[in-house]
Structure formats: C-alpha cells, structure tokens
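Contents: one structure, followed by commentary.
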Amino acid sequence: TGSVVLAATPIGNTADASQRLRELLGQASIVAAEDTRRLYDLANRLGVRVSGRVVAYHDHNERKQADPLLDEVAAGASVLVVSDAGMPTINDPGLAIVRRAIERGLPVTCAPGPSAVLDALALSGLPTDRFCYEGFLPRKSSERRQYLRTLKAEQRTIVWYESPRRLAESMGDLLQVFGPGRRMALCRELTKTYEQVERGSLQEIYDFVQQNPPRGEIVLVVAGASDQEAAEASPEALTTQELAELAL
Ligand code: SAM
C-alpha cells in the first residue's frame, strides 16, 4: 500500500517550504490540492516539477473524493494533500481523507510546517502553555456577541482567524464582551514583507484598528480570563487556582 501525506505549505514566505515538501511535490503519485492553480504556482516558485496527477480537493468535494483517492492508496499510490496555505485540516480541507484513512486502516502521515495559529500564538507574547484555537469568528455581529459571551470565562489564550473586512466590527464586539483591559495581539501578514504584530489592551488595539483599517491576512490572539474574571463570569466554575489547590 501507499500512503496519505498531509503537507503544510508556506503562509506567505516561500522560503518556509520544507525540504520534505519539495521532495513530496516531486515524488507523489497524486497531489490533492485545494486549488490546482495555486499548487502549480507554488511548485514553480520552488523550482519543483510535479510529476504526479494533480486533482482538486476542496471543501465542496473532499467527502466525495476521499474514498476514490484512498482506493488508489490501497493500490499503492502516494497521495499528497495540500491546501492553499499552511496546515491542511486547520480551517482547510483534509479532515475527510484523514478520517476515512483511519477507518480503512490505511497509512496517513504528516509533513508539518507553517500554520498561522502557532505563528501568531508564539509571537503574541501571551501565555502559550494552554490555548484554544477557535477558527474564524462568526460573521454576523449578533451571533458573534452571543458566541463570545460563551467564552467569557475561558482562561486559556484564545486564537481566531478574522477577515480584514469584519475586523473593525469584531473588535467592537470583543471590547464589549471582554472589556477594555484584556491583553491581546493583532497579527497581520505573518512571514510576509509587511508582517506586523500590534500588542496591547483590547481598548488599545480597538483604537489602533479604528485609525488604521488593516488589510491582508489576520490572526487575533486574546489572553484568557484571569481567575477573578473567570469567577465573575461563571461563579460556579472552578478557577485554575482552585483546580491547582484541589490537585494538591
Ligand atoms: N490552514 C491555514 C493555516 O494552517 O494557517 C489556515 C487557513 S484559513 C482558510 C486562512 C486564514 O488563516 C486567513 O484568513 C488568516 O486569518 C489566517 N492566515 C493565513 N496566513 C496568514 C498570514 N500569513 N498572516 C496572518 N494570518 C494568516
């Protein structure tokens, strides 16, 4: 049998492509790419010739395509799964084929690399020992506020992807729900020439966004609730402090 390999691709800086990614692109019998044009563009920039078959593998066909691709794996093919940028399966296609490969007992592995989540978290300066990734913020303000309220007592550092078009509005909702003092980082265009990380309180970043409407790709990282904030938001829940005391 062959195998499925999920491979991370650069999120902005082509030089972040790993040696392993280059080799896999050149050698895979099938490349399942979120966008085939972008895949060829990446291969060109890397100076790699893709010799395998390239197939479109995106949100709309990943469930349908998983089994046919895995039939080829069972017959000996190596299937390389790549998304437009970063780690497949992280708000990107890939999960469907991983699940089916596990169910069918077929080998699946990963060639790790860039992902905006970890890049932003590491640069935020906020606690990294416990964090949660929450994908994209809801698009509608009413839903966003309701959703944010469910995270008021969250004590882990929280990471979101957000569109620049909605950022000003989302920052208003974050400010309203979490209050002005919470620390956060606004990470923009990571690994690219104009990479920018603004760190400060929610109020400061809110003001910054109103004055400098940001463009490009954005990750928001917000500190978790303090013990006191968590206790106020959810009086019945145990704080980290109380949990630690119980563990003693
Ligand atoms: N799978 C990707 C990963 O591992 O990072 C994420 C895919 S998701 C569809 C795309 C979102 O990731 C963007 O809208 C943005 O929020 C974030 N993102 C991707 N590249 C980025 C970059 N260079 N700088 C900041 N955010 C980025």
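Brief remarks follow.
- Residue in the range 80-91 that is in contact with a Phe, Trp or Tyr (Cβ under 8 Å, 6 or more places away or on another chain) and in a loop (DSSP other than H, G, I, E, B) present: yes
- Filter result for V73 (closer than 18 Å to L25 by Cβ, among the β-branched types (V, I, T), surrounded by 22 or more Cβ atoms within 10 Å (Cβ to Cβ) and within 15 Å of the ligand (Cβ to nearest atom)): no
- Within the range 188-228, the residues that satisfy the criterion of being among the charged types (D, E, K, R) and more than 16 Å from the ligand (Cβ to nearest atom) are E204, D207, D227.
- I30, sole failed condition from (1) free of Cβ contacts under 8 Å to residues at least 40 places away in the same chain; (2) more than 14 Å from the ligand (Cβ to nearest atom): (1)
- Taking the listed residues A225, A168, A244, the one that is touching a residue at least 40 places away in the same chain (Cβ under 8 Å), over 20 Å from R139 (Cβ atoms) and small (G, A, S) is A225, with no other qualifying.
- The listed residues are A120, A111, and the only one of them that is among the small types (G, A, S) and more than 26 Å from Q196 (Cβ to Cβ) turns out to be A111.
- Only one entry in R45, R22 is under 16 Å from A111 (Cα atoms), modelled with pLDDT of 95 or more, among the charged types (D, E, K, R) and touching a helix residue (DSSP H, G or I) at 6+ places or on another chain (Cβ under 9 Å), namely R22.
- Yes/no for R53 being farther than 23 Å from R99 by Cα and of a type in the set (K, R): no
The values are calculated or read from the model by the stated rules, or taken from the named source; none is laboratory data. Small disclaimer: the values here were computed from a predicted structure and weren't measured. Counting neighbours? That spans all protein chains shown, and the Cβs are built from the backbone with ideal geometry, glycine included.
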